[in-house]
Amino acid sequence: MSRQSLTNKLPPPSIPVKEQIREILKKHDVNNDGVLCWEELNAAFKDLGAWFPWFRAYCGLHYADDNNDGVINKDELASFVVEENCGNK
């Protein structure tokens with residue numbers, strides 16, 4: 001069986017769209033302070049099924065926290081979800 005025929009039989013990957021990702025991130029703002037800390041990001045990445053969610057949370061916080069206050073606010077969250085890259089700013 002060729003690789004091409006095997007690939008055609010696989011279901012398409014289910015990747016959450018940006019709005020779904022935003023909603024998952026907002027859901028993990030457990031204290032409703034309007035910002036995401038590392039712990040909340042870690043929980044969100046676990047929910048998204050990420051490998052090494054603690055590392056993704058670290059990268060996400062480092063990448064998106066423009067004002068270096070240790071959390072991701074609403075404005076930073078918008079750019080974080082749009083860019084969808086870790087460390088490639």
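The values are calculated or read from the model by the stated rules, or taken from the named source; none is laboratory data. The structure presented is a predicted model; accordingly, all values stated were derived computationally and were not measured. Note that we place each Cβ from the backbone using ideal geometry, even for glycine, and neighbour counts take in every protein chain shown.
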Here the qualifying pairs (Cβ atoms under 9 Å; residues six or more apart or on different chains; first in the range 33-48 and on the phi > 0 side of the Ramachandran plot; second assigned to a loop (DSSP other than H, G, I, E, B)) come out as G34/N73
Enumeration of residues in the range 22-43 that are at pLDDT below 90 and under 14 Å from E76 (Cβ atoms): R22, L25, K26, G34
Can you find a residue in the range 6-17 that is modelled with pLDDT of 65 or more and either part of a loop (DSSP other than H, G, I, E, B) or farther than 14 Å from K74 by Cα (or both)? yes
Take the conditions over 10 Å from the mean Cα position of the chain (by Cα), modelled with pLDDT of 80 or more, not in a helix (DSSP H, G or I) and not polar (S, T, N, Q) and apply them to G87. Does it pass? no
Of all residues in the range 70-79, count the ones that are farther than 15 Å from E39 by Cβ and either under 11 Å from the mean Cα position of the chain (by Cα) or not small (G, A, S) (or both). 5
